[in-house]
Amino acid sequence: MEMKKISLELGNRAPEEVTELVFDNCLCVNGEIEGLKDTFKELEFLSMANVELSSLAQLPSLNKLRKWELSDNIISGGLEVLAEKCPNLTYLNLSGNKIKDLSTVVALQNLKNWKSLDLKSKLVHWKDMRKRRRKRKRRMKMKMKQVQTSNT
């Protein structure tokens, strides 16, 4: 993410005063968080949707961060850093990332104030799988009935 974008978002405020930052659609460099420092001591809301973020390794300590929008990025793991760097996180949106199974998000259970996680789209939804199976079974039953009635 470009330093220009951070200074534009700050305006005349000092990083210590900022409670909300929005970096949606501002592309990251090499998939890493850059320019965001632990001087953002009061930051409670952060939005980084569609910034091509792939790693949280460079994440600074954001102790007051409660809500983080990370949708439509390319994150596939490394969530264990959140418990240490963002201990007060209550909401996280990871929809549209490359998370393939629930074992990736197990690390989030270490967050004490945890309330909500959004994982829509790329993660397989078990309800959808069950619905597809039921539809297939119904189709097979209908075909079987058709075969039986045509043979009589």
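Answer yes if at least one residue in region 11-31 is in contact with a Gly (Cβ under 8 Å, 6 or more places away or on another chain) and exposed (fewer than 14 other Cβ atoms within 10 Å of the Cβ), and no otherwise.
no
Consider region 48-89. How many of its residues are hydroxyl-bearing (Ser, Thr, Tyr) and buried (at least 16 other Cβ atoms within 10 Å of the Cβ)?
Kept after step one, since they are hydroxyl-bearing (Ser, Thr, Tyr), are these residues of region 48-89: 54-55, 61, 71, 76.
Next, only the ones that are buried (at least 16 other Cβ atoms within 10 Å of the Cβ) stay: 54-55, 71.
The qualifying residues number 3.
Suppose we keep only residues that are under 15 Å from the mean Cα position of the chain (by Cα) and crowded, with 18+ Cβ neighbours inside 10 Å within region 32-46. Which one would you say is modelled with the highest pLDDT?
Among those that are under 15 Å from the mean Cα position of the chain (by Cα) and crowded, with 18+ Cβ neighbours inside 10 Å, it is Leu46.
Could you please let me know if Leu53 is touching a Cys at 6+ places or on another chain (Cβ under 6 Å), closer than 23 Å to Val29 by Cβ and at pLDDT 95 or above? Reasoning before the result, please.
Working: touching a Cys at 6+ places or on another chain (Cβ under 6 Å): yes; closer than 23 Å to Val29 by Cβ: yes; at pLDDT 95 or above: no.
For Leu53, the condition - touching a Cys at 6+ places or on another chain (Cβ under 6 Å), closer than 23 Å to Val29 by Cβ and at pLDDT 95 or above - is not met.
Just checking, which of Trp68, Trp114 is under 23 Å from Val18 (Cα atoms) and modelled with pLDDT under 90? Outline the logic, then answer.
Details: Trp68 fails: modelled with pLDDT under 90.
Criteria check complete, one pass: Trp114.
The values are calculated or read from the model by the stated rules, or taken from the named source; none is laboratory data. Keep in mind that this is a model prediction, so the values were computed, not measured. Neighbour counts are summed over all protein chains in view; Cβ atoms, including those assigned to glycine, are modelled from backbone coordinates with ideal geometry.
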